[in-house]
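Below is one structure, written out as structure tokens, with a few remarks after it.
Nothing in this text is a laboratory measurement; each read-out follows from the coordinates by a stated rule. This one's a predicted model, so the numbers in the text were calculated from it and none came from an experiment. Backbone-built Cβ (ideal geometry, glycine too); neighbour counts: all protein chains shown.
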Amino acid sequence: MASLFFKMRIADIIIDRFHVARAYRRCADLVRRQELKFLKQKLSKKEYAQIKGAMWPFRKSLEQLTDEEWELLQRLFTYSPKLKEAYILREELTQSFERKYNPKGAKCAIRAWCKRVRLQEISQFDREGCWGFPSIPNRGVDSFLSTIETWLEQIANYFEVSPSGVSPDARVDRLERLTSSFVEGFNNRVKVLKRRCYGIFDVDRLFQRLTLDIHGSEIFNT
């Protein structure tokens, strides 16, 4: 598959935003795990109890947080400024993908973000192996920052607004920015269901369970 990827020079290759987000969110979550492990040893039991349950709030965006979750994160960030920086950097990169950049502007923004990460010396983004990207022959698994820099052109193609060969003066609408996040999430849901339904050999019954999992709340709330 990797050899095929490098031979497809005519097509516009796009690295899916979902895979980029999964990679940098994994790095931020690694910072959280390591910082909490350190804080558990450093803080008293009473102090540590005040920041327990921070995993899910930390994984949310600012817009998704309740007042209680925001207060919990504020307490956590007071003990760990590094974790606060990781959270801010994660959200900044997410916002970059929401902005109306063209590919050139997107590359500038992403390069500036990588520079800020290195200045903050948050090593998890620069050391942790980054999976889910096309492999390069004769190379091991790169860090997230190295991967971003290697595939920046393909990542920036996500921001393209006109098809190949169309001049800016004759710009036409392209398909809206799409991501495979729904498909990936749905596939994971099906995998979980298959484990839960181990031993069910009736295909119709399996699809009934899948329908119930997906539309159950709609069915029973009406």
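Among the residues making up segment 76-106, those that are out of contact with any Lys or Arg (no Cβ under 8 Å at 6 or more places or on another chain), basic (Lys, Arg) and either within 12 Å of Arg32 (Cα to Cα) or assigned to a helix (DSSP H, G or I) (or both) are Lys82, Lys84, Lys104. In this structure, Leu72 does satisfy being without any contact (Cβ under 8 Å) to a residue 24 or more places away in the chain, surrounded by 18 or more Cβ atoms within 10 Å (Cβ to Cβ) and not in a loop (DSSP other than H, G, I, E, B).
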